[in-house]
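What follows is calculated from the coordinates using simple rules that are stated; it is not laboratory data. In this text, all values refer to a predicted model and were calculated from it rather than measured experimentally. We place every Cβ from the backbone using ideal geometry, glycine too, and count neighbours over all the protein chains shown.
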Amino acid sequence: METTFLITCALLCLVGSVPSAPRRYGVQQYDKDLFHPTDFQRTARSSRYTTDEEGSGYWIDGAQKILINHLKEVHNTNRARNVIMFLGDGMSVPTLAAARVYQGQLMGETGEESHLFFEDFPYTGFSKTYCVDSQVADSACTATAYLCGVKGNKGTIGVTASVDRGSCEGMRNQSNQVSSLLKWAQDSSKSTGIITTARVTHASPAGAYASVAERNWESDADVASSGQDTSKCDDIAEQLVFGSTGKNFQVILGGGREGFIPADKVDEEGEQGKRLDGRDLVQEWQKQKESSGFRGQYIWNRKQLLSLNYTNVDYLLGLFEGSHMKYHLEADEENEPTLAEMTEAAIKLLSKEKNGFALFVEGGRIDHAHHSTTAKRALDETVEMAKAVKKAMELTSNEDTLIVVTADHAHTMSYSGYPTRGNDILGLAGLSDVDKLPYSTLSYANGPGFQPPERSCNRHDLTEDNMKTDTYEYPALVPLTSETHGGDDVAVFATGPWAHLLTGMYEQNYIPHVMAYASCIGSGLTACSNDKR
Ligand SMILES: *[C@@H]1O[C@H](CO)[C@@H](O)[C@H](O)[C@H]1NC(C)=O
Ligand SMILES: *[C@@H]1O[C@H](CO)[C@@H](O)[C@H](O)[C@H]1NC(C)=O
Ligand SMILES: [Zn+2]
């Protein structure tokens, strides 16, 4: 139906029956600056910013404070006992900028001056996210880069680019497999853990423990539906429970129960399993810990997480949803912990190991929210990740813990227009001087938020929409079922031992090399082998 409508509309435009069809305007139309018109449609001046900002003192004092802080900085060359990586899936630079405004506006401020907790880290850099076979990356090949230190092909995890996507044979060849920062930490007797708000078998966390030619092989049912032999080609859930890295994790927290239980069983919340091999990997995980003389605790809701007695637990498996965990805005408080709560639990448990720990924490649903062009959810998930980073900082010491916050790839959300200071970041930026219709500050290059033109061939009128809902789909230029990733660089924020090595612009696979160097693990250069200590 939509297609018929589009065609009708295109025909109407062609025959020129619509006088108000948008016209391109020429330079001569403006005698001043065409590119920065002064008569741009403006919203009212915000009265919310402090009058201090009108003077010079506020700005000079602020800048001098930053300067003094930087002058006080000395490179921290301690050995990092602990390393923590926070990964905002799809957390592009415009996402950071918009999320900080959203955070400030939630507190009744103008917002622009706000900062996400980790934006105050002393060192920042940029990482180039492309993969061996792709200009714009996905979460699988980037996980191989930022966790294993090697770039591979799109869709593959924990294997080199000699493995084509979907090649079971290629992934089984051990000389094509690469290991992760968490494996290197285990080899140095550190405790390790993974946390995500997505399924624990999803691409990003899988980079910590799996070697797989297809990111979608999360359960044996997925392997089988690709026509592969499930006895040869181990699915990701199986690798998490039995693989040489996965079986050693003291902490596994996130969603994704479906990949662990049989298709003819339902989980604690009545959701159906996916496995075709009839195995219950949650039970097998518990038996495995027990038979090695450890106390393995399986939990599935928030109450159980918050009431854990850490002295009685050696290994923790928490699966809080059948699939991904719910968006924070929609989460059921009874059952779903926040990312900060999961981070706190993990650090408490992992800290029992005197040799220190390596922890991977993913804000996994920033990406999903962007794919749906539901910008508000993406910003909210970003703010939630910032809270988790703050919690980690409170529970560790900057003297011995390296914390890195980054993203795997960008998205197409743009933050644009000339809205006034303090304008609702989720609202309208002004009116177009061409079609006289409003446009939003946040919009996407593509995705489901595309709206076909009206019958008059005019652009869709956004004032007809209810932009206040959490699920509002922001406008997109090109219609796609799922908005795409972006190819732009992503930011890296670092604090703690050797964090200064992450300054600059580099390939994404450099990041775990620095984390290994700082904590004296892995097979490359380390701060210890370098005789710096
Ligand atoms: C395993 O992979 C290596 C490196 O890609 C390759 O040289 C070798 O031929 C492969 N072995 C088999 C049995 O395919
Ligand atoms: C935790 O368990 C230990 C050992 O069983 C016990 O001594 C302690 O009282 C418990 N702590 C709490 C807060 O229940
Ligand atoms: Zn994505």
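Using the Cβ atoms and a cut-off under 13 Å, what net charge is assigned to the surroundings of I194, where Lys and Arg are +1 and Asp and Glu are -1?
Working: positive: K183, R199, K247; negative: E362.
With Lys, Arg at +1 and Asp, Glu at -1, the net is +2.
In deg cm²/dmol and to the nearest 500, what is the mean residue ellipticity at 222 nm of the chain if only DSSP H runs of at least 4 residues count, each as -39500 (n - 2.57), divided by the residue total?
The per-residue figure over the chain is -7500 deg cm²/dmol.
Which angle from 0 to 90°, rounded to the nearest 10, does the C-alpha axis of helix 281-291 make with the longest principal axis of the chain?
For helix 281-291, the angle is close to 30 degrees.
Taking loop as defined by DSSP and a crowding limit of 12 other beta carbons within 10 Å, which GluC sites (Glu not before Pro) in segment 358-442 fit?
Numbers: sites: E362, E381, E384, E394, E399; in loops: E399.
Hits after loop and neighbour filter: E399.
Angle between the Cα long axis of helix 2-14 and the longest principal axis of the chain, 0 to 90 degrees, nearest 10?
That helix lies at roughly 30 degrees to the long axis.
A369: net charge of surrounding residues, Cβ under 9 Å, Lys/Arg +1, Asp/Glu -1, itself excluded?
Working: positive: R365, K376, R377; negative: D367, D380, E381.
Around A369, the surrounding residues sum to 0.
Tell me which residues come under 5 Å, amide H to amide H, from C457 once H is placed; ignore anything under 5 positions away on its chain.
Excluding prolines and chain starts, which carry no amide H, there are no hits.
Contact order normalised by length for the chain, with contacts defined as Cα pairs under 8 Å and 6 or more residues apart; what percent is it? Intermediate values should be presented prior to the final figure.
Working: 1223 pairs, mean separation 129.9, N = 533.
Contact order relative to length: 24 percent.
Using each residue's phi in segment 497-510, evaluate 6.51 cos²θ - 1.76 cosθ + 1.60 at θ = phi - 60° and report the 3J(HN,Hα) Karplus result to the nearest Hz, with x for Gly and Pro.
x, 6, 4, 5, 5, 9, 6, x, 10, 8, 5, 4, 6, 6
Select from segment 310-347 those GluC sites (Glu not before Pro) which occupy a DSSP coil region and have at most 13 other Cβ atoms within 10 Å, ordered by residue number.
Details: sites: E321, E330, E333, E334, E341, E344; in loops: E321, E333, E334.
Sites meeting the loop and neighbour criteria: E333, E334.
Given the pairs K128/K154; K247/K326; K247/K287; K190/K348; K128/K151; K348/K390, which are separated by over 18 angstrom at their Cα positions?
Working: K128/K154 15 Å; K247/K326 26 Å; K247/K287 12 Å; K190/K348 14 Å; K128/K151 11 Å; K348/K390 15 Å.
Correct reply: K247/K326.
Please list the non-local residues whose amide H lies under 5 Å from the amide H of G88, H modeled 1.01 Å from N, same-chain partners needing a gap of 5 or more.
It is G363, T406, A407, D408, by chain and number.
How far is helix 375-395 tilted, in degrees, relative to the longest principal axis of the Cα atoms in the chain, given as a value from 0 to 90 rounded to the nearest 10?
The helix 375-395 is inclined about 40 degrees to the chain.
Along the charge dipole of the chain, Cβ charges K/R +1 and D/E -1, which of G504, Q297, Y472 sits furthest on the positive end?
So the residue furthest toward the plus end is G504.
Let me make sure I get this right: for segment 422-477, a, b and c are the square roots of the gyration tensor eigenvalues over alpha carbons, sorted descending. Under 1.5 in a/c it's rounded, otherwise prolate if a/b > b/c, else oblate. Which is it? Write down the numbers at each step before the final one.
Working: a/c = 1.67, a/b = 1.20, b/c = 1.39.
Since a/c reaches 1.5 but b/c is at least a/b, the shape of segment 422-477 is classed as oblate.
State the answer as a single residue: which of I366, M385, N423 lies farthest towards the positive end of the charge dipole of segment 361-431, with beta carbon charges of +1 for Lys and Arg and -1 for Asp and Glu, about the Cα centre.
Highest projection toward the positive end goes to N423.
Output the Cα-based Rg and Dmax of segment 173-264 in Å, rounding Rg to one decimal and Dmax to a whole number.
12.9, 41
Give a residue-ordered list of calculated ³J(HN,Hα) values for segment 99-107 (Karplus: 6.51 cos²θ - 1.76 cosθ + 1.60, θ = phi - 60°; whole Hz; x for Gly, Pro).
5, 6, 5, 4, 4, x, 5, 4, 9
Please list the non-local residues whose amide H lies under 5 Å from the amide H of Q272, H modeled 1.01 Å from N, same-chain partners needing a gap of 5 or more.
Long-range HN contacts for Q272: D267.
Let me have the relative contact order for segment 430-533, percent, based on Cα pairs under 8 Å that are six or more residues apart.
21 percent
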